[in-house]
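> My structure is below; once you've seen it, I'll send some questions.
The values are calculated or read from the model by the stated rules, or taken from the named source; none is laboratory data. Being a predicted model, the structure only gives us computed values, none of them experimental. Cβ placement follows ideal geometry from the backbone for every residue including glycine, while neighbour counts extend to all protein chains displayed.
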Amino acid sequence: MLFNSLQFILFFIAITILYFKLPHKVRWGLLLAGSCYFYMAFKPSYILILVFTIVVDYFAGIYIENAVGVKRKLFLVCSLIANISVLALFKYWNFLIENLTASLSFFSLSNPFPILTIVFPIGLSFHTFQAMSYTIEVYRGHQKAEKHFGIYSLYVMFYPQLVAGPIERPQNLLPQFRTEFYWDFERVKSGLMLVAFGMFKKVVIADRLAIVVNDAYGDVNNQNGLTLVVATIFFAFQAYCDFSGYSDIAIGSARVMGFKLMENFRTPFFSRSIAELWKRWHISLSSWFKDYLYISLGGNRVALPRMYFNLFFVFLISGLWHGAKWNFVIWGALHGVYLIIGMAKDKLLPNMKLPAVLQILVTFSLFTFSLIFFRANTFTDAVSIIKKTFTLSLHAPLLVSFNANEMFFSVFLIIFLMVKERFFFAIPTQNTTRFYFLFVFILICSYLFGIFKLNQFIYFQF
Amino acid sequence: MLKSLFAYLAVAICLALLVLTSSPYLMSKIPKSYIDYTFRYGDLYKFTNLSDYKIPVVKNCVSQRAKKPGNVNLFLLGDSNAILLNEYNFELANEYHYINFQDQFYTTLDKTKKNILIVETGERKLHLYYANVDYTENIKIVQDKNAVQTITNFKRTRLGRHFQPNTDDNLNQILFYDPVSLFVKDFKANINHKVFNRIEDSVKISSDKKYLYTTETVDPKNLHSAFRVITDEEINAITENINAVYCHYKNLGFDEVYFAAIPNKENMVEPTMGTYNHLIERLQNNKNLLSPYIDAYTLFKQSSVPLYEISDTHWNCEGQRLWTETVNSTVLAKYTK
């Protein structure tokens, strides 16, 4: 079920009211049933994959907790293999086979493995990573194994963050399912405001900018450099509004019921370095990689070359996490290189500091440049965009389907968003009259200026 | 107490709406008059909500009238054009049965009458339907009159007939077609149109601003467009499929099976919009075509009055009258004693 749908509005109202009306001991059942319906609204059969992951990790958690020594590690490895196998099958199989076919054909050999015609289950990478986080934390002794199958299932399936995060940690989320939350109007107001503004970011900003981005990136050969540069900058804001909008709705709808999900974005476009940007962009994923991969590889407690390698490797995997395409791998690698250069610069030239505004601009430019690989349909397209970008003429016409008013409006929205994020990161909701006014105003604006085509969120594909 | 009552009422309404709209079976029980009500200003207005095109569409062009039933049982297997017709359009038909392409109709054939089948397709769907759809599954002949039935959406799986995951279109259909909702929708659409020159992607406005068209039929790259280049091989392939349908139903016991294509609105209203591919004429003139046809293309081309609704994809009352009169005079009259 998409957050930007009528179906979700009705679902949200029904689930939230029932949540507060039902006795605490059965609330988990309501949330689990609701989450199943939420997920099955995409494609009912997808739920079987989730059931498999849940069953495997539920038992793995218990076995890991009860085992000692090598057995403990063995159970963890089994659980990780099961999770990664699901990901590999649905997400990476065809990528592997395509590359294998290309490699074998170089030696005039044919590939015996078939390409699978399966649809990628929505949000698979998110809930798989959340499930893996549980077994790793149980293995590390930071989390007790959850004995209640229903509550464990809910940990993996909790509907607000099921398909696109934030990727939660068991220590944060599991205890909340056992906490009895009461109706707190202040909290409800703040949650609803987050939902409303998240919706605004998605339907008014992201989906409007997407029109230019999709046109330009869909037909790279017939676009000029200026159009592609504008489309790439728009894509940076589209991706941000799309994903942070989703996160806001997820965090807000959970907050209305009392749940506190982790923050996923913190004004990333005001970052002064790529390292800082990754502490503010998709925080739940970057911290996942830091906690479970980077630290496992030795983190900072290794020799400098090894640390650089670790960093590069983590970002390479992070790129691959986003999608089974070489473009994503390059995107990840580019960020690895950015970070290594940034760290090397800090070490070699610690006193060299640009003015803050320039640092922000450079960071944004580097990030936006990397997005060319993220968004381009093929590697050839990405190269073509870069070539055209470096040979652009400012006198070339802007080949977009926007009229002057819509172009102006889009730029205004971006500036408005940046000003809002800079000065009012959270919209205040203490004053109830002002809350009602702003809430209704944001909803009206979202409706009047929103693009409603039931567009999926970009990150659903991951 | 009152707060609780309201809360439970809200839950009940939300759940009821979700259940209703996620069930194709329950949705099919909604009265046709309500569905017609939501289309009262035409399907293209329904998509765009441009108030300049909010013009009522006449749904029942032919009122109940005395029939002169003859010797013919008429079966019309067709699309949304044929939905608009009824038995009073075919005054010479003894029995009239409309079968939608999405449904499966189990029927007996009365051998004391002439059983005539017309397979009607809009030009925009013609290629797609004959390329992908097996029309031979739509009508099944049974001997027992008790076995006569219609299975709606017969190609869907059993689960698909009872559960539809995405309910938004249905919710919109049920909740937002009252005058107040339309006023709000029109307001949004007009802001976007006047300020951003943006209308719903699936609809285009004609050059003279008088008509609405579907984008798919205007875009020459689209499979549905009559301005798309179509090769002789494609024409031959479609002809073969028409022949297969013709032979199948002839073998099933129908006395005659007619092919009928209703021209796209754009190439009748605004033929200068692109280069017409002459799909209908090329099919009708194909020397391999076995099936007799009802030539709506020539009929419509010669007409000097508007034959299509302004804010709807389909024909208007005049278009329907012209076509059904031809069916009456050239097909039904032929078999009527």
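> Confirm whether residue A:83 is more than 14 Å from chain B (Cβ to nearest Cβ), of a type in the set (S, T, N, Q) and either touching a Gly at 6+ places or on another chain (Cβ under 6 Å) or closer than 27 Å to residue A:159 by Cα (or both).
It is true that residue A:83 is more than 14 Å from chain B (Cβ to nearest Cβ), of a type in the set (S, T, N, Q) and either touching a Gly at 6+ places or on another chain (Cβ under 6 Å) or closer than 27 Å to residue A:159 by Cα (or both).
> Then there's this: Being away from chain A (no Cβ under 14 Å), without any contact (Cβ under 8 Å) to a residue 60 or more places away in the chain and farther than 26 Å from residue A:451 by Cβ, is that true of even one residue in the stretch B:251-262?
Looking through the stretch B:251-262, at least one residue is away from chain A (no Cβ under 14 Å), without any contact (Cβ under 8 Å) to a residue 60 or more places away in the chain and farther than 26 Å from residue A:451 by Cβ.
> Here's a follow-up. Just to be sure before I move on: is residue A:91 assigned by TED's automatic domain parsing to the domain that holds residue A:47 and in a loop (DSSP other than H, G, I, E, B) in the structure I sent?
In short, no.
> Which ones in the stretch A:96-140 are outside any helix (DSSP H, G or I) and over 26 Å from the mean Cα position of the chain (by Cα)?
Within the stretch A:96-140, A:107, A:108, A:109, A:110, A:111, A:112, A:113, A:114, A:115 qualify.
> Ok, one more. When only residues in the stretch B:1-44 that are more than 19 Å from residue B:151 (Cα to Cα) and of a type in the set (D, E, K, R) count, which is nearest to the other protein chains (Cβ to nearest Cβ)? Steps first, answer last, please.
Here is the first cut: in the stretch B:1-44, the residues more than 19 Å from residue B:151 (Cα to Cα) are B:1-21, B:33-44.
After this cut, where a residue has to be of a type in the set (D, E, K, R) as well, the list is B:3, B:36, B:40, B:43.
Numbers: B:3: 11, B:36: 22, B:40: 21, B:43: 17 Å.
Among those that are more than 19 Å from residue B:151 (Cα to Cα) and of a type in the set (D, E, K, R), it is B:3.
> Also: Go through the stretch A:273-295 residue by residue and tally those that are farther than 25 Å from residue A:261 by Cβ and either among the aromatic types (Phe, Trp, Tyr) or surrounded by fewer than 17 Cβ atoms within 10 Å (Cβ to Cβ) (or both).
The number of residues fulfilling the criteria is 0.
> When only residues in the stretch B:298-329 that are polar (S, T, N, Q) and assigned to a loop (DSSP other than H, G, I, E, B) count, which is surrounded by the fewest Cβ atoms within 10 Å (Cβ to Cβ)?
Checking each candidate, the answer is B:304.
> State the number of residues belonging to the stretch B:99-113 that are in contact with a helix residue (DSSP H, G or I) (Cβ under 9 Å, 6 or more places away or on another chain) and among the charged types (D, E, K, R).
Number of matching residues: 1.
> Then there is this: Could you please give the count of residues in the stretch A:180-202 that are among the polar types (S, T, N, Q) and outside any helix (DSSP H, G or I)? Walk me through it before giving the result.
From the stretch A:180-202, those among the polar types (S, T, N, Q) are A:190; that's our starting set.
In the following step, the residues that additionally are outside any helix (DSSP H, G or I) were identified as none.
Residues that pass the stated criteria total 0.
> Considering only the stretch A:410-438, state which residues are part of a helix (DSSP H, G or I), touching a residue at least 60 places away in the same chain (Cβ under 8 Å) and not acidic (Asp, Glu).
Matches in the stretch A:410-438: A:410, A:413, A:414, A:417, A:418, A:422, A:432, A:435, A:438.
> Additional query: Need a quick list: helices (runs of 4 or more DSSP H) entirely within the stretch B:136-223 having at least 3 residues that are surrounded by 15 or more Cβ atoms within 10 Å (Cβ to Cβ) and touching a residue at least 12 places away in the same chain (Cβ under 8 Å). Spell out the reasoning first.
Values: elements: B:158-162, B:168-175, B:179-196, B:215-218.
Qualifying helices (runs of 4 or more DSSP H): B:168-175, B:179-196, B:215-218.
> Looking at this structure, is residue B:77 under 24 Å from the mean Cα position of the chain (by Cα) and more than 20 Å from residue B:316 (Cβ to Cβ)?
It is true that residue B:77 is under 24 Å from the mean Cα position of the chain (by Cα) and more than 20 Å from residue B:316 (Cβ to Cβ).
> Scan A:52, A:75, A:59 and give me the residue that is surrounded by fewer than 15 Cβ atoms within 10 Å (Cβ to Cβ), away from every other protein chain (no Cβ under 14 Å) and either within 22 Å of residue A:258 (Cα to Cα) or out of contact with any His (no Cβ under 6 Å at 6 or more places or on another chain) (or both).
A:52 is the lone residue from the list that is surrounded by fewer than 15 Cβ atoms within 10 Å (Cβ to Cβ), away from every other protein chain (no Cβ under 14 Å) and either within 22 Å of residue A:258 (Cα to Cα) or out of contact with any His (no Cβ under 6 Å at 6 or more places or on another chain) (or both).
> For the stretch A:224-276, what are the residues that are farther than 24 Å from residue A:392 by Cβ, of a type outside the set (Gly, Ala, Ser) and within 12 Å of the chain's Cα centre (by Cα)?
A:241, A:242, A:243, A:246, A:248, A:263, A:264, A:265
Residues are listed down the side, and each one gets a yes or a no for (1) surrounded by fewer than 21 Cβ atoms within 10 Å (Cβ to Cβ); (2) of a type in the set (A, V, I, L, M, F, W, C); (3) in contact with a Lys or Arg (Cβ under 6 Å, 6 or more places away or on another chain); (4) at positive phi:
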{"residue": "B:21", "(1), (2), (3), (4)": "no, no, no, no"}
{"residue": "B:34", "(1), (2), (3), (4)": "yes, no, no, no"}
{"residue": "B:43", "(1), (2), (3), (4)": "yes, no, no, no"}
{"residue": "B:54", "(1), (2), (3), (4)": "yes, no, no, no"}
{"residue": "B:74", "(1), (2), (3), (4)": "no, yes, no, no"}
{"residue": "B:77", "(1), (2), (3), (4)": "no, yes, no, no"}
{"residue": "B:83", "(1), (2), (3), (4)": "yes, yes, no, no"}
{"residue": "B:95", "(1), (2), (3), (4)": "yes, no, no, no"}
{"residue": "B:98", "(1), (2), (3), (4)": "yes, no, no, no"}
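> Those residues that are under 16 Å from residue B:42 (Cα atoms) and either within 11 Å of chain A (Cβ to nearest Cβ) or in contact with a Pro (Cβ under 7 Å, 6 or more places away or on another chain) (or both), I need them from the stretch B:173-188; list them, please.
B:173, B:176, B:185
> I would also like to ask the following. Would you confirm, using the coordinates I've provided, whether residue A:259 is in the same structural domain as residue A:400 (by TED's automatic domain parsing) and over 30 Å from residue A:178 (Cβ atoms)? Explain how you work it out, then say what you get.
Working: in the same structural domain as residue A:400 (by TED's automatic domain parsing): yes; over 30 Å from residue A:178 (Cβ atoms): no.
For residue A:259, the condition - in the same structural domain as residue A:400 (by TED's automatic domain parsing) and over 30 Å from residue A:178 (Cβ atoms) - is not met.
> From the set of residues in the stretch A:411-420 that are in contact with a helix residue (DSSP H, G or I) (Cβ under 9 Å, 6 or more places away or on another chain) and under 18 Å from residue A:235 (Cβ atoms), which is surrounded by the fewest Cβ atoms within 10 Å (Cβ to Cβ)?
Looking at the filtered set, the residue picked out is A:418.
> Ok, one more. Residues of the stretch A:264-287 being assigned to a loop (DSSP other than H, G, I, E, B), touching a Ser or Thr at 6+ places or on another chain (Cβ under 8 Å) and not hydrophobic (A, V, I, L, M, F, W, C), which ones?
Residues satisfying the conditions are A:264, A:271, A:272, A:273, A:279, A:280.
> Is it the case, given these coordinates, that residue A:45 is among the hydroxyl-bearing types (Ser, Thr, Tyr) and closer than 30 Å to residue A:197 by Cβ?
In short, no.
> Just the residues that are free of Cβ contacts under 8 Å to residues at least 40 places away in the same chain and outside any helix (DSSP H, G or I), please, taken from the stretch A:297-331.
Answer for the stretch A:297-331, where residues must be free of Cβ contacts under 8 Å to residues at least 40 places away in the same chain and outside any helix (DSSP H, G or I): A:297, A:298, A:299, A:300, A:301, A:302, A:303.
> Being more than 10 Å from every other protein chain (Cβ to nearest Cβ) and outside any helix (DSSP H, G or I) is the filter here, so list the residues in the stretch A:1-49 that pass it.
A:3, A:22, A:23
> Let me ask something else about it. Just a yes or no: is a residue in the stretch A:37-48 closer than 18 Å to residue A:133 by Cβ and of a type in the set (Val, Ile, Thr)?
No, the conditions are met nowhere in the stretch A:37-48.
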